Each structure stands twice: as structure tokens, then as C-alpha cells.
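Read through the structure below, which is laid out as C-alpha cells, and then see the notes.
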Amino acid sequence: MAQRQTPATDLRPRIRKAQAAILLVDTLVATLHDTTAGRTARLKKLWVYNGNAAAAVVEIGTGVVGAAALTNERYPRLRVEPGLYEFVPEDSMPSFEFDTGQDIAVRSSVGGAGAAAVRVMAEVEEIGL
Amino acid sequence: MELTTITAHRPGPISPILKPGENVAFLMQGSWNFYQVLMHEPLQMGNAILQDIGAIAAGAASAITQSTGVRADTNRLLQVRFAVLDDIRVAVFQAQASAKFANLAGHTQISLMSAQMDPDAALTETFAFEDTHRPWFQVTNPTGVNVAQSRIIAWGIQYILDPLPKSALYDDAGNIRKDLRATKVIASAMAA
């Protein structure tokens with residue numbers, strides 16, 4: 001795994017983006033953030049709501065949409081109890097930098113249609129041109 | 001005629017490069033045009049010169065579209081800078097088939113990142129004379145999601161000019177008048 005330097009003064013051009021929350025209706029891999037080609041991406045904030053009747057364990061990393069498992073998990077798993085939400089603010093979010101153009105994938109251990117879905121939303125910083 | 005200071009693309013916020021009473025010369029379609037500056041006024045960064053090219057699908061590019069905001073009346077010269085409000089890349093042309101900000105490596109584009117490296121957008125500075133030299137834009141959506149709008153803003157200075165007749169340019173001997181040395185040259189190309 002490549003490790004990038006993030007000096008205290010990081011002057012690389014960047015923008016913050018938040019794509020619409022996604023609904024995880026099943027336990028397959030989905031795209032949390034579609035990273036622009038040529039840019040790297042860092043997760044800055046994460047919000048997960050579990051509408052399912054069972055606890056949801058959410059995984060974040062890289063993977064193929066529709067696959068049964070992520071290719072690579074990049075963050076520790078997040079457990080969200082039924083009917084509750086977890087919010088990871090910026091100062092608690094590690095600055096892992098996904099490779100150029102690499103989408104951020106997500107998967108939940110439970111899913112369901114409508115109100116039973118697990119909802120995930122991220123604020124992402126894209127770095128590059 | 002001596003060439004005096006070339007003042008386009010100065011770092012810092014945009015400011016007039018021509019003063020009332022000064023002469024200005026610019027090269028259009030291969031010939032020099034001489035004018036005297038009567039006055040100048042600012043163009044606000046407002047809705048009137050904001051242009052929304054429209055929705056663009058992920059990874060797609062728009063047609064090369066003429067600017068609807070950077071328009072000058074007769075005998076007026078615009079000195080404008082550009083910025084974008086959405087996550088797009090804008091290639092500027094002037095004329096429609098003539099790329100600005102391009103070299104052998106390709107056509108460099110204005111994006112949201114441009115403002116971070118060039119906060120006053122000095123490198124985007126463009127000149128347009130009358131309505132026939134409007135810039136053109138081709139907008140690319142580099143992201144993986146569709147964008148619903150692709151906005152380009154402009155702001156700058158408008159100069160009201162008075163054409164210098166040939167009799168004002170040449171003396172009786174047919175030589176360029178020496179006081180034209182006080183002429184500022186616009187280095188930015190404006191093709192028809």
C-alpha cells in the first residue's frame with residue numbers, strides 16, 4: 001500500500017465534494033464516491049444511518065460494484081445499531097488517500113429496500129487538477 | 001514606434017492597464033489598430049456576464065460555445081478574467097477555432113483548481129474588442145457524475161475608445177508620429 005506524505009502545509013490544489021447519500025439495499029459493494037479521473041481522494045467526513053432491523057457493519061475501501069466483498073478494505077469497520085446513526089467528523093477521520101481515479105467503495109453487512117436501507121454519505125476531498 | 005510596457009496578466013487583482021488619454025494599439029487579423037482611451041469602467045462579477053453552458057454528462061464535453069457575457073459594444077475593449085463555479089474544465093478559444101492558453105503539449109484549461117494556484121486569475125486575462133471577438137468556451141466534465149450546470153463567470157474592465165484616424169498616426173512625411181510612443185500594446189491575440 002502506497003503511503004503518501006501529508007506535511008503540515010499541504011498546498012496541493014483540492015476541492016471538497018459530497019455526492020448524494022447512497023442507499024445500500026443489499027450486501028453488495030456499491031460506490032460511495034465516484035472519484036474524478038486524475039485526482040486522488042481523501043475521505044473527510046462520514047455519515048451512516050442504519051434503517052435495518054439488524055446491526056449494520058459498514059466497510060469502506062476499494063472494490064468492484066456488485067461484488068460480494070471489497071477488494072481492499074481501507075478503513076476499520078463501522079458498526080451501527082438498528083435505527084441509529086454514526087457520524088465520523090473530520091478531526092476523527094484518518095487521511096487515507098485513495099489512488100488516482102480510484103472510486104471509494106462501500107459495503108454493508110445488511111441491507112433492505114426503502115426504510116430498511118443503510119444510508120451512507122461522505123464528504124470527500126479530491127486532490128489534483 | 002517604440003513598444004512600451006506590456007501590461008496584461010499582471011499578478012494581483014485586475015486593474016486597468018490603460019488610462020484615459022492614452023493611446024492603445026492592438027493587433028487584429030494581422031494589422032495594427034490604434035485608438036485613444038476616453039474612459040474606462042468596471043464590469044462587475046454579476047449575473048449579466050455569468051454563463052451557464054448547461055448540463056454535461058460524466059466525462060463528456062460541450063460544443064464550442066460562444067460567450068454570451070463577454071460582449072463589447074462598438075469601439076469598446078474588454079479586459080476580463082475568468083473563473084468557474086462548478087467542477088468543470090474550460091478550454092478558451094478566440095476565435096472559435098483558435099485555442100488560447102495552448103502549447104504543443106495541449107490546450108490548458110481553467111478549472112476550480114486554477115483559483116488555488118492563481119488566486120487573482122491573472123493567467124486567464126483575455127481581451128475582446130467589440131462584439132466580433134468574443135471568446136468561445138468548450139466545457140468538459142472530468143468527473144464520474146453528471147453535472148447539472150457548468151457556470152463560467154467573468155469580470156474586468158471596459159474601455160471606451162476613440163479610433164485614431166490615419167492623419168493622427170502619420171506626419172506629413174509619412175512617418176509614424178513620435179507621440180505614438182506613448183501607446184500601450186495589447187499583447188493578447190484577438191482573431192476574428
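Quick note: the coordinates plus some simple rules give every number you see, no bench work behind them. Source: prediction; values computed, not measured. For neighbour counting, all protein chains shown are included, and Cβ atoms are generated from backbone atoms with ideal geometry for every residue, glycine included.
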Ranked on Cβ counts within 10 Å of their own Cβ, fewest leading, B:PHE82, B:PHE101 go B:PHE101, B:PHE82
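So what is the relative contact order of chain B, in percent, for Cα pairs below 8 Å that sit 6 or more residues apart?
Numbers: 454 pairs, mean separation 75.8, N = 192.
Relative contact order here is 39 percent.
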Using Cβ counts within 10 Å as a stand-in for footprinting exposure, how do B:HIS133, B:HIS9, A:HIS33 rank, fewest first? B:HIS9, B:HIS133, A:HIS33
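Let me have the relative contact order for chain A, percent, based on Cα pairs under 8 Å that are six or more residues apart. Intermediate values should be presented prior to the final figure.
Details: 344 pairs, mean separation 58.5, N = 129.
45 percent.
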How do B:TYR170, B:TYR35 line up, fewest other C-beta atoms within 10 Å first? B:TYR170, B:TYR35
Of B:SER111, B:SER67, B:GLY12, which is farthest on the positive side of the dipole of the protein assembly as shown, counting Cα position, with +1 on Lys and Arg Cβ, -1 on Asp and Glu Cβ, and the Cα centre as origin? B:GLY12
Distance from the Cα centre of the range A:76-129 to that of the range B:107-162, in angstrom? 35
Label model pair A:LEU84, A:ARG16: point-to-point distance (7 angstrom along the Cα→beta-carbon line) in nm is 2.7
Calculated FRET value between A:THR71 and B:SER167, using beta carbons and R₀ = 56 Å, to 0.05: 0.15
Please give the contour-minus-distance gain from B:GLN116 to B:SER98: 0.36 nm per residue of separation, less the Cα-Cα distance, rounded to one decimal in nm. 3.8 nm
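Work out the count of Lys pairs in the protein assembly as shown where the Cα-Cα distance is under 26 Å, with the pair 8 or more places apart or on different chains. Mind showing how you got there, number by number?
Numbers: A:LYS17/A:LYS44; A:LYS17/A:LYS45; B:LYS19/B:LYS166; B:LYS19/B:LYS178; B:LYS19/B:LYS184; B:LYS100/B:LYS184; B:LYS166/B:LYS178; B:LYS166/B:LYS184.
For the protein assembly as shown, the number of qualifying lysine pairs is 8.
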For labels at B:GLU22 and B:ARG177 in the simple 7 Å Cα→Cβ model, what's the distance in nm? 1.8
